[in-house]
Amino acid sequence: MYVSASSAELLTYTRCGDSAIWTGNWLAAEAFRYQVTRSAESLAAVRKGVDGIRLLVDATGVGLLSRCVLRSDSPFSAGPANEERSHGVFSTALNGVPYRWVGNTSRDQYLGAFFGLSVAYDVVVDESIRAPIRDVVTRMLDRLLAKDWAVVMPDGDVSTVFWLRPDQQLALLQVGRQVNPARFAAAYDEKRRTAVGLDLIMSLEGSDPHGSYFNLETAVTR
């Protein structure tokens with residue numbers, strides 16, 4: 001965001017295309033903070049993070065994760081929406097509130113969101129937190145499986161696929177198995193049994209812990 005140097009007045013926000021991945025990482029951080037402090041502040045932050053990721057999914061209406069969501073009636077939404085227009089900007093309304101959401105969602109956005117939801121589910125043993133996590137993970141995974149691991153926008157465009165990444169498929173299915181084993185345990189076991197090239201992929205990813213883009217999220221969610 002941009003703030004006036006003279007008055008500390010908020011002028012505008014800028015960019016939002018990585019909101020999903022960083023909301024997920026922030027959620028994980030707040031969950032770890034809650035694990036250590038058990039503070040009301042950290043628990044409230046966890047709820048906020050879960051709600052944020054749910055909004056990123058609710059806005060699409062089809063179980064698809066969006067990159068970011070902006071209130072259409074906010075004076076601060078025009079800038080980010082314009083900057084992210086190359087990804088495709090879609091309109092919707094939730095509970096009478098108009099929103100715009102950004103598409104062309106990438107694999108790293110999914111991995112970041114699932115990472116945060118997984119950590120929060122593991123750390124916060126509270127059904128009021130776990131139930132919405134279970135719901136949103138189930139909806140996202142159901143859509144990915146229905147689309148054969150392709151991320152398909154409402155207009156039919158495919159933004160990315162997980163086809164050559166059985167490690168990432170397993171990472172997401174592992175989170176599904178964690179929060180909803182009745183629905184996803186069998187799919188995880190089948191993918192683990194039939195995955196081809198998994199050892200090679202993981203060896204290559206693990207060979208460079210700093211330069212490998214997906215290394216941390218893949219390792220943590222396995």
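All of the numbers you see were taken from the coordinates with simple rules; none came from a lab. Every value quoted in this text rests on a predicted model; they were computed, and no experiment measured them. Heads up, the Cβs are rebuilt from the backbone with ideal geometry, glycines too, and the neighbour counts pull from every protein chain shown.
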List the residues of the range 99-132 whose backbone N lies under 13 Å from a point placed 7 Å from the Cα of LYS48 along the Cα-to-Cβ direction. none
Out of the range 32-72, which trypsin sites (Lys or Arg not before Pro) are coil in DSSP terms and have no more than 12 other C-beta atoms within 10 Å? ARG38
Determine the relative contact order of the range 17-221: mean sequence separation of Cα pairs under 8 Å and six or more apart, normalised by residue count, in whole percent. 21 percent
Give a residue-ordered list of calculated ³J(HN,Hα) values for the range 173-185 (Karplus: 6.51 cos²θ - 1.76 cosθ + 1.60, θ = phi - 60°; whole Hz; x for Gly, Pro). 5, 4, 5, x, 5, 5, 9, 8, x, 4, 8, 10, 4
Note on the chain: the mean projected area of its alpha-carbon convex hull, in nm², is 14.0 nm²
So, over other residues within a Cβ distance under 13 Å of ASN180, counting Lys, Arg +1 and Asp, Glu -1, the net charge is +3
